[in-house]
Structure formats: C-alpha cells, structure tokens
Ligand code: SF4
Ligand code: SF4
C-alpha cells in the first residue's frame, strides 16, 4: 500500500505548509524511471503518455518528499527535476521556531538509543542481491566484474541488464544491472560487498540499496 505523508508534520510544522517538493519538466523527462526507483518515500509515479509508447515521471505525492532532500534531482540524467531554493526551508525554520521541537526530538532520540538492547551478532550473509545503475557499455564493467569474482571466493548469479527505453539508452539514460553476489566457500560476502561498492564508484556507476535508494 502506498503511504501518504501529506498529513504528517516536520518538526511540528504541518507538512503541507512547506512548499518543498520536486517539479518535473515533462519536456526534459525521458522516462528513465530513475527518480521512481530512487525515491524511498513514494513521491513519484510513472505515467504512460497518450502515444502509448513513452512514459514520464510525475510527482504524484509531493508532500511525501523529505524536506531538504533533493537526491532525485541529483541523479536525473536530463536535469528534468527542480526544487525551490534552500531559503524556503530556512524561512520555515525561522517562522515556526522549530528548534525547541528539534531539541526535544534529539533528547528523545538519545534516550531511545541508550535504552535499545545491544545489537545481536550479525549472521553470515552468503547471498546478497545487488542493483547498480549507470552507463555500463562505456566502462566495460562486465569484464571488470569477471576479474573481480575471479580474484575472490565469490560468484555472480542471475545477472540481468535492464534498459528502461531504447531511445533513452541512445540519449545516454542509465541502465540497471541486477545480480546476486554469492559466496563459493560459504564465507560471509559482507567484506566483498564493500570492495564491490568501491569498484562501482570507480566506474562512475551508482549503487542502489535494498530500499531502492542511491
Ligand atoms: S530521473 Fe529524470 S528523466 Fe528519469 S524519469 Fe525521472 S524525471 Fe524523467
Ligand atoms: S528529494 Fe528525496 S524524498 Fe524528495 S522526491 Fe526526491 S528522492 Fe524522494
């Protein structure tokens, strides 16, 4: 079920009093869907266009947007997403004098952290789903991935490359690579994940986490 945060509050301020949300320029949007998979707060929907062949992103639930976040605009390949200036947020902070509320929230957070039981010993992860976004062809990333697993006790299974739209690909939109990183010796793959993340970053690709965030 899609969450609706429009009635929520931001440090005591009704969310709908704060005009912070993304605006999509439909002319510039190429429908790559990266904003849709990136946003963890279900702000976006992807709409089919009248021609039945193209899709565009729309900010369907603008007040779900986290005040001050602009991640989706950072990753949009065509700069189709815009936000108001930061002064909008600063103005709200001043007008509503939010810092009394913030201090109470900080104290509550510290109290909660102190009363939380120590985390349990992590269990070994032998199979980890991985999702990466970016331009794979130019980087010969598949070759580098082969070299990566050849040097470590791991393998890659069920690898898939997804291209959002063929036209988008020609225009430089990112594709997605998904696979499972598996251990070949029942060893924990957690350490190898950090090395794999470094390889992804070194190739200007983007690691998408389990919640779809970048
Ligand atoms: S990331 Fe940008 S181009 Fe891609 S669907 Fe979203 S708005 Fe459109
Ligand atoms: S700024 Fe962040 S919370 Fe808001 S729509 Fe973009 S990704 Fe989602």
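Okay, here's what the table says:
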| quantity | calculated |
| --- | --- |
| Sole exception among (1) touching a helix residue (DSSP H, G or I) at 6+ places or on another chain (Cβ under 9 Å); (2) over 29 Å from residue 87 (Cβ atoms); (3) more than 10 Å from ligand 1 (Cβ to nearest atom) for residue 51, by number | (1) |
| Residue identified as in a helix (DSSP H, G or I), at pLDDT below 85, under 30 Å from residue 79 (Cβ atoms) and not assigned by TED's automatic domain parsing to the domain that holds residue 33 among 196, 142, 169 | 169 |
| Hits in the stretch 36-56 - residues which are within 17 Å of the chain's Cα centre (by Cα) and either more than 10 Å from ligand 2 (Cβ to nearest atom) or not in a strand (DSSP E or B) (or both) | 36, 37, 38, 39, 40, 41, 42, 43, 45, 46 |
| For residue 56: the one exception among (1) more than 10 Å from ligand 1 (Cβ to nearest atom); (2) more than 23 Å from residue 90 (Cβ to Cβ); (3) crowded, with 17+ Cβ neighbours inside 10 Å | (1) |
| Residue satisfying condition, being farther than 17 Å from residue 177 by Cα, modelled with pLDDT of 90 or more and touching a strand residue (DSSP E or B) at 6+ places or on another chain (Cβ under 8 Å), within set 72, 76, 154 | 72 |
| Filter result (in contact (Cβ under 8 Å) with a residue 12 or more places away in the chain and in contact with a strand residue (DSSP E or B) (Cβ under 8 Å, 6 or more places away or on another chain)) within the stretch 168-183 | 174, 175, 176, 177, 178, 179, 180, 181, 182, 183 |
| When residues of the stretch 60-77 are limited to those that are without any contact (Cβ under 8 Å) to a residue 60 or more places away in the chain and within 9 Å of ligand 1 (Cβ to nearest atom), the one surrounded by the fewest Cβ atoms within 10 Å (Cβ to Cβ) | 73 |
| Top-ranked residue in the stretch 115-139 [being surrounded by fewer than 16 Cβ atoms within 10 Å (Cβ to Cβ) and at pLDDT 80 or above; ranked as farthest from the chain's Cα centre (by Cα)] | 127 |
| Residue 64, sole failed condition from (1) in contact with a strand residue (DSSP E or B) (Cβ under 7 Å, 6 or more places away or on another chain); (2) under 30 Å from residue 104 (Cα atoms) | (1) |
| Selection status of residue 111, away from ligand 1 (no atom under 14 Å from the Cβ), in a loop (DSSP other than H, G, I, E, B) and surrounded by fewer than 13 Cβ atoms within 10 Å (Cβ to Cβ) | no |
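The values are calculated or read from the model by the stated rules, or taken from the named source; none is laboratory data. Bear in mind the structure is a predicted one, so any value in this text is a computation, not a measurement. Note that we place each Cβ from the backbone using ideal geometry, even for glycine, and neighbour counts take in every protein chain shown.
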